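Worksheet for the structure shown next.
Every number here is computed from the coordinates shown, using simple stated rules; none is lab data. Because the structure is predicted, anything quoted here is derived from the model rather than measured. A quick note on method: Cβ atoms are made from the backbone with ideal geometry, for glycine too, and the neighbour counts reach across all protein chains shown.
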Amino acid sequence: MSADIFILMAISYIFGSLPFGLILCVAFGYGDIRKIGSGNIGATNVLRTGNKVLALITLLLDSGKGAIAVGLAALLIHNGLFTNSLESAASLYVVCGFCAIIGHCFPVWLKFKGGKGVATTLGGLLAALPLVGLSCCALWLVSAVISRISSLSALLATLAAPLLAQYFYGDLSGVTAPVAGITVLVWAKHHANIKRILKGEEPKIGKKKPSEEKA
């Protein structure tokens, strides 16, 4: 891997690690979001403050982290500032989105204890692989309307992502593997949710969880 690509991945990670949910909750007087609901820094937990607008802003900003990481890579490559030694530009875009997701899940500023990366994943996929991103968003929405369980919807959408990547972009070598890596990461971050889903104990969207559960 060339040094310029490594630098671009590092920039994507640092940007992805910005904890917008925590910053917004502190700024608007809700305190440390990590002490509310599930303890997560993402939009689903911000919604548990009762402020839907703040949760929407968090969702948009967290999604934007993935999209901007991809956009930055595209901009730099287009202007010749970075050479691309990967097999395709699309694969580099997905890798940069992946790095932003890793940053969200393991932010250096919060001792590597972050969110679950769903919004950042959807934003990154929309920017890097639009057909995959749109399909995953649609799948999440349909599942959320039917089940009212955010985590289940995220699991289904990310599970489908590598299959959709292969279906829509199979001719672009190097795309499916990093998307599959994103799926593995998101599923790993949802291990507690998976246990509750299997037990029938996962709360519906907007419902509070016991404060001691770090979902």
### Segment residue 146-residue 195, extension gain: residue separation times 0.36 nm, minus the distance between their alpha carbons
15.6 nm
### Summary
Ordering 194-203, 108-117 by per-residue average of other C-beta atoms within 10 angstrom, highest first, gives 108-117, 194-203
### Task
Past 27 Å, Cα to Cα, is the threshold; run 111/189; 111/199; 35/189; 113/199 against it and keep the listed order.
111/199
#### Entry: Peptides ranked, highest mean first, by Cβ atoms within 10 Å: ranges 4-13, 127-136
127-136, 4-13
## Note on the structure
So for R0 = 41 Å, FRET eff. of residue 111-residue 168 from the Cβ-Cβ r, to 0.05, ends up at 0.65
### Message
Using the crude model of +1 on Lys and Arg Cβ and -1 on Asp and Glu Cβ, and no other charge, please compute the dipole size for the chain relative to its Cα centre, in debye to 20.
### Response
1060
### Task
Divide by every residue of the chain the summed helix terms, -39500 (n - 2.57) for each DSSP H run of at least 4, and state the resulting mean residue ellipticity at 222 nm, rounded to the nearest 500 deg cm²/dmol.
-21500 deg cm²/dmol
